[in-house]
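Novice: Here it is: the structure, laid out below.
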Amino acid sequence: MSKQPHEKSRFSCTNSVSPINSDIASICVNAIWLSDVHLGSKDCKAEYLLQFLQQLETESLYLVGDIFDVWALKRRVYWPESHNKVLQQFLKMARDGVKVVYIPGNHDEVLKPYSGFHLWDLSIFNEYIHCGVNGHK
């Protein structure tokens, strides 16, 4: 299980409006958790998620289970451009310094053997403990 020591947050919001659409306020939080996205499934709402991610300012993004729906992809390959854009946004956030932690669930359990993999600020773990700005777990 990975555990990060408590450290003072370096994060502060920079924008009051979204860089994508100046009519929409950006969402500024220290950490956010997403689960059950199901990229690769026809029921995935990738366009809404992409809009949310583009408005988001965060220090840490936790992708907690079933981000990819490997079960659905085994039945039928379904990967529209909107799913690709969401994946690209996750990677862009990691390149831009957002700590992205991916914890596979049951629909994407094929990624569990890659626990400990790191690319930019994107890491895969089977378990992870988040420490908030006040040091609480």
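The values are calculated or read from the model by the stated rules, or taken from the named source; none is laboratory data. It should be emphasised that the depicted structure is a prediction, and the values quoted were computed from it without experimental measurement. Every residue, glycine among them, receives a Cβ derived from its backbone with ideal geometry; neighbour counts consider all protein chains shown.
Novice: Return the pairs, sorted by first residue and then second, in which the second residue is surrounded by 15 or more Cβ atoms within 10 Å (Cβ to Cβ) and not aromatic (Phe, Trp, Tyr), the first residue lies in the stretch 77-94 and is in contact (Cβ under 8 Å) with a residue 60 or more places away in the chain and closer than 25 Å to residue 59 by Cβ, the beta carbons are less than 9 Å apart, and the residues are 6+ apart or on different chains.
Specialist: From the stretch 77-94, no pairs qualify.
Novice: Residues being outside any helix (DSSP H, G or I), at pLDDT 95 or above and acidic (Asp, Glu): count how many of those fall in the stretch 67-101.
Specialist: 1
Novice: Given the criterion of a type in the set (Gly, Ala, Ser), at pLDDT below 95 and either over 19 Å from residue 97 (Cβ atoms) or surrounded by 13 or more Cβ atoms within 10 Å (Cβ to Cβ) (or both), identify the matching residue among 35, 16.
Specialist: After ruling out the rest, the residue left standing is 16.
Novice: Would you be able to tell me the number of residues in the stretch 24-49 that are farther than 19 Å from residue 71 by Cβ, touching a Cys at 6+ places or on another chain (Cβ under 8 Å) and not hydrophobic (A, V, I, L, M, F, W, C)?
Specialist: Residues in the stretch 24-49 being farther than 19 Å from residue 71 by Cβ, touching a Cys at 6+ places or on another chain (Cβ under 8 Å) and not hydrophobic (A, V, I, L, M, F, W, C): 1 in total.
Novice: Within the stretch 107-136, restricting attention to residues that are touching a residue at least 60 places away in the same chain (Cβ under 8 Å) and loosely packed, with under 13 Cβ neighbours inside 10 Å, which residue is farthest from the chain's Cα centre (by Cα)?
Specialist: Restricting to residues being touching a residue at least 60 places away in the same chain (Cβ under 8 Å) and loosely packed, with under 13 Cβ neighbours inside 10 Å, the top hit is 135.
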